[in-house]
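What follows is a short report on a single structure.
No value in this document is a laboratory result; all are computed from the given coordinates. Source: prediction; values computed, not measured. All Cβ positions, even for glycine, are placed from backbone atoms using ideal geometry, and neighbour counts span all protein chains on display.
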Amino acid sequence: MQKLLTTLTAVSVALTFSIAAYSANDEARANYNVAKENANATYKAARAKCDTLSGNPKDVCIEEAKAEEKRTVANAEARYQNTPAASMKARIAIADADFAVAKEKCKAQTGQPRDLCIKKARADHTRAKVDAKSHKEISDINSDAAQEKRDAAYKVELEKCNSLGGAAKDACIATAKSNHNK
């Protein structure tokens, strides 16, 4: 009977945590969808303001409106997925959007100033992409290091348990496993 009660308690706790995780995931998805809808509405409003302009200023205005939408959606997606890879992807999308705006601004110039403007835009774009990729790599390294630290701490606790015997050792090992999610 005691074993059945313990099993039922464990199952109910696991079910509670999975329900909480599921509802948190639903909330994150809802926030993501709201952010996408807001980005689209903001884009449409900004795009409407661009219609009063003409020539290159209109083109720049349109690119800026598109870029703002891409920034908002990319950041929302990165928050929703909550991974280093998603963060990198968002940073690259933002860099691409900023590059498109910079290229459009360069079109207003001619000759050497235009060439220099485009080269600077490309350099800024490349720098932003490299920064995004290196940020992901640093995040991955930090994650790996944290896992190695947790594993080392677990091994230390298990070693401490080896000096015990019988039920005390079993309890110590169970506690160590529980503390380190093993």
Completion exercise
Env charge @ HIS135, Cβ radius under 13 Å, K,R +1 / D,E -1, value +3
Exercise for the section: Could you tally the net charge around ASP144, taking each other residue with its Cβ under 12 Å from the Cβ of ASP144, Lys/Arg +1 and Asp/Glu -1? Expected result: -2
Handout entry: Cα→Cβ-extended label distance, 7 Å offset, between SER139 and ASP96, nm
Key = 1.7
Problem - Partner lysines for LYS66 [C-alpha distance under 20 Å; skip if fewer than 8 residues away on the same chain] - result: LYS36, LYS44, LYS49, LYS58, LYS89, LYS103, LYS105, LYS107, LYS129
Completion exercise
Env charge @ TYR32, Cβ radius under 9 Å, K,R +1 / D,E -1, value +2
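Only helical DSSP H runs with n ≥ 4 go in: add -39500 (n - 2.57) per run for the chain, normalise by residue count and round the 222 nm mean residue ellipticity to 500 deg cm²/dmol. Show your work: numbers first, answer last.
Numbers: 5 runs with 164 residues, N = 182.
Counting only the DSSP helices, I get -33000 deg cm²/dmol.
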Problem - Peptides 159-168, 126-135 ordered by average Cβ neighbours within 10 Å, highest first - result: 126-135, 159-168
Problem - Counting all C-alpha pairs of the chain, share separated by more than 24 Å (%) - result: 64
Problem - Computed label-point distance, nm, for sites ASN33 and THR110 using a 7 Å Cα→Cβ extension - result: 5.2
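Once fully extended, how much extra length lies between LYS149 and LYS103, figured as 0.36 nm per residue of separation less the alpha-carbon to alpha-carbon distance?
11.9 nm
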Problem - Förster-model FRET efficiency, 25 Å R0, GLU159 and ASN181, C-beta, rounded to 0.05 - result: 0.85
